[in-house]
Structure formats: structure tokens, C-alpha cells
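Structure, as C-alpha cells:
Only the coordinates and a few stated rules stand behind these numbers; no lab work does. Note that the structure is a prediction, hence the values are computed from the model and not measured. Virtual Cβ from ideal backbone geometry, glycine too; neighbours counted across all protein chains shown.
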Amino acid sequence: MHEYSIVASLIERVAREATPRRARVHRLHVAIGELAGVDVALLRTAYDTFRERTVCADAALDVRAVAAAWRCPRCDEALAPGAPLQCPTCGRPARLCAGDEIVLERIELEVPDV
Ligand SMILES: [Zn+2]
């Protein structure tokens with residue numbers, strides 16, 4: 001399942017940041033585009049299944065939904081949501097500029113005092 005592999009790679013990324021610092025992970029902030037093909041409910045289930053015994057065991061998962069946005073590649077004109085995927089000025093096919101991303105935006109860590 002797609003969501004499980006996303007979670008596996010997220011936790012791996014977090015571990016790469018947290019483990020060398022011996023940090024406790026409090027929260028992950030993830031941005032998910034509406035066209036990323038990710039089922040957010042499934043992602044949360046996958047996260048809860050996977051995080052046990054990882055650096056993320058006590059970390060909350062924050063998901064920010066990102067709406068799809070389209071622009072003309074030539075005029076850089078932004079298309080209105082729901083409009084045909086074509087530039088109203090020059091007629092070019094629009095290009096997706098947001099909404100297909102899966103991004104780990106921020107990790108809240110607590111690094112112990114040395
Ligand atoms: Zn255009």
C-alpha cells in the first residue's frame with residue numbers, strides 16, 4: 001500500500017535528523033497535495049501502525065492539505081479553481097504548480113542538554 005511506504009520514508013527521514021542529536025520527536029508537519037493520491041485517513045492509520053518503536057513513537061502527525069493550483073506556463077496566470085485547465089489569455093494547457101506534493105515541512109524536536 002502506497003500510504004505505508006510514504007510513512008516508512010517519512011519516519012526514515014525523521015530518524016536521520018533525530019537520531020544523531022538524540023532528540024525526542026514531538027510532532028511532524030506534513031503537507032499533502034489533494035492530487036498526490038494520498039488517502040489522509042489511511043496515512044494516519046499507517047503512521048499509527050508504523051511509529052511504534054521508532055523515533056516517532058511519541059510524535060503527533062500534523063497533516064496540512066494543499067489544494068491543487070494551476071498556472072499558465074507562458075503568462076504565469078493562475079487559473080481559478082474549477083476552471084478549464086487552459087489559460088484564458090493564450091489558450092495554453094495549464095501546468096500544475098501545487099497540489100501533487102508530499103512534503104515533510106517541519107519536525108518538532110527536543111534536543112537534550114549536554
Ligand atoms: Zn497563458
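So, of the residues in the range 85-96 that are within 11 Å of the ligand (Cβ to nearest atom) and surrounded by 11 or more Cβ atoms within 10 Å (Cβ to Cβ), which turns out to be farthest from VAL30 (Cα to Cα)?
The residue in question is CYS90.
Residues to consider are GLY99, GLY82, GLY33; find the one that is away from the ligand (no atom under 16 Å from the Cβ), at positive phi and surrounded by 15 or more Cβ atoms within 10 Å (Cβ to Cβ).
The match here is GLY99.
Quick one: is VAL38 surrounded by fewer than 17 Cβ atoms within 10 Å (Cβ to Cβ) and within 15 Å of the chain's Cα centre (by Cα)?
Judged against the criteria, VAL38 is not a match.
I need a count of the residues in the range 64-76 that are loosely packed, with under 15 Cβ neighbours inside 10 Å and either closer than 26 Å to ARG16 by Cα or within 11 Å of the ligand (Cβ to nearest atom) (or both).
6
Identify, by number, the condition in (1) surrounded by 17 or more Cβ atoms within 10 Å (Cβ to Cβ); (2) of a type in the set (D, E, K, R); (3) farther than 20 Å from TYR4 by Cα that ARG51 doesn't meet.
(3)
What pairs can you find where one residue is in the range 86-114 and β-branched (Val, Ile, Thr), the other is surrounded by fewer than 13 Cβ atoms within 10 Å (Cβ to Cβ), and their Cβ atoms are less than 6 Å apart, with a gap of 6+ or different chains?
Final answer for the pair search is THR89/CYS75; VAL111/ARG21.
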